[in-house]
Amino acid sequence: MDRTKKRKLINKIALGLSVFAAFLGLFWLVFIIVSVLSKGFSAINWSLFFKDPAPPGFSDGGLRSAFVGQGIITIIASLIGIPIGIMGGTFLAEYGRNLKFSRLVSDIADIMISLPSIVVGTFVYSIVVRPMGHFSGYAGAFALAIIMIPTILRTTEEMLNLVPWELREAAFALGAPYYKVIKDVVYRSAATGLFTGVLLGVARVATETAPLLFTSFNNPFFTVNPNQPMPSLTVTIYQYAMGPYEEWHKLAWAASFVIVVTVLFLSLIGRFIINRRFSKR
Amino acid sequence: MNQVLLSVKNLSFFYGETQILYNINMEIYKNKITALIGPSGCGKTTFLRCFNRMHDLYKGNRYEGEILYKGENILKAKDLIQLRSKIGMVFQKPTPFPMSIFDNVAYGLKLKGIKDKKEISQRVEKALVEAALWDEVKDKLYSPASDLSGGQQQRMVIARALAVEPDIILFDEPTSALDPIATSKIEELLFNLKKITTILIVTHNMQQAARVSDFTAFLYKGHLIEFEETEKLFTNPKEELTEKYITGRFG
């Protein structure tokens, strides 16, 4: 009897602690989102998107240069990261599925996913920025691509592993060579999953600041040349939030608002597609 | 007279060090249905998958002996793509590709390099008619194959195999995932397909073997125990093991 009571008590304590921990986590999340939304929304206006930063003291500055820079860096990163990630994941799940090497790559990718992104930033600083002699949008894009690759690689591998082997065998049995089996049957079956993986990968890097600090740096002027230092939203937020001017703070809130909403939106679309895909089966 | 399409000579099969099939000798006759029966794990599916060299997809498998097809040993064939376009296969679960019904059936034709749209659509229609599915799908050829019912999907997969006009189609328990009505449709279909092709079918279901096949092979622990005309095998088996199995005393 005594034992049962003790167990129930321990159970209640454990339950209480875990509920508390869950609420603690949720509280800060909601707090951050609500404060970004409320403070950011009031700072949103047209000049934010269509005007470049104004000198301190002028209130009609915008962040056009940062939006464009962020866009260019993210697009270049995607052009590098998405093909490598998908092709690598395809190798792991298909051609190299029985190799020890593939397990190793898969495990390393898992570790890389949790790698602090500032480490990637300093790494790219030493192998790209130093040799080139200056900060550049390319270096920033390269750093983001390095962060993007393991995420896309692992989701691709997992999504392809979900495609039943019988389906591949059925295509082989018709006389299809392996690359056609992958292209026509495996990729098509996993299409929504692959798309979601890419979406989440892009969303992940779009919010990174640390790897850009040492690579693309920042640029107060509008530029579309990735060979120059490039402004990005995240680095701009970082600098403006630290700055002494009230206008800067406002702009930082507005930029945070745009990023949070965009990423929230991308993630929700991703989740939605995954859920729909699995409820259909 | 029965014409031999394939002859199996001293076939043994190894998975790594484990021997799965032992010295199998038998003939597959043209335009006939040959059934492979036996308890679970007897090697009947393994045997079936030797005919289109499906085992080559996985490492550590080894064949010994011969399967002769038009004077050549299938087990030594270099061009598996060519071989598999002559020896079709239908699996246990329906395997619709994630594309339209039309594209599914046309897939094998496109693999063969046929580009002429008219020819493709004629052959797709012909295959769907042969697979007794045409009337049910002719108005929705371009909707996704996954919209079809399980039984329809299985007939579509049969049409996909038929479209490339194979000499033989291997069936690996094609009705075990289907309900009785869909099953009887497939059985009826198999019976009609004899006219245009040859069928080798693995089945768990002895009644099914008795109903549809002309010849039956009984496998037990990797050995071919008895190979006989279906009627003889089921009414008057020579081997004691066969009799025990078909009367349901084990398996």
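The values are calculated or read from the model by the stated rules, or taken from the named source; none is laboratory data. Just so it is clear, the model here is predicted, and its values are computed rather than measured. Note that each Cβ is placed from the backbone with ideal geometry, even for glycine, and that neighbours are counted across all protein chains shown.
Some observations on this one:
- Reported count of residues in the stretch B:47-85, each being part of a loop (DSSP other than H, G, I, E, B), over 20 Å from B:Phe14 (Cα atoms) and under 19 Å from the mean Cα position of the chain (by Cα), is 1.
- Looking at B:Leu68, B:Leu48, just one residue is surrounded by fewer than 21 Cβ atoms within 10 Å (Cβ to Cβ), under 23 Å from B:Glu229 (Cα atoms), more than 14 Å from chain A (Cβ to nearest Cβ) and of a type in the set (A, V, I, L, M), and that residue is B:Leu68.
- Verdict on B:Leu133 being crowded, with 19+ Cβ neighbours inside 10 Å, of a type outside the set (Gly, Ala, Ser) and within 15 Å of A:Phe172 (Cα to Cα): no
- Matching option when the condition is at negative phi and free of Cβ contacts under 8 Å to residues at least 40 places away in the same chain, among A:Met242, A:Met230: A:Met242
- Residue match in the stretch A:46-55 (condition: touching a Lys or Arg at 6+ places or on another chain (Cβ under 7 Å), closer than 23 Å to A:Thr234 by Cβ and in a loop (DSSP other than H, G, I, E, B)): yes
- Residue in the stretch B:89-127 that is surrounded by the fewest Cβ atoms within 10 Å (Cβ to Cβ), counting only those that are more than 10 Å from chain A (Cβ to nearest Cβ) and in a loop (DSSP other than H, G, I, E, B): B:Gly113
- Residue among A:Thr207, A:Thr192 that is within 14 Å of chain B (Cβ to nearest Cβ) and touching a residue at least 40 places away in the same chain (Cβ under 8 Å): A:Thr192
- Checking the stated criteria, B:Thr34 turns out to be under 13 Å from the mean Cα position of the chain (by Cα) and either at pLDDT 90 or above or within 14 Å of chain A (Cβ to nearest Cβ) (or both).
- Within the stretch B:148-199, the set of residues being hydrophobic (A, V, I, L, M, F, W, C) and touching a Phe, Trp or Tyr at 6+ places or on another chain (Cβ under 7 Å) comprises B:Leu170, B:Ile199.
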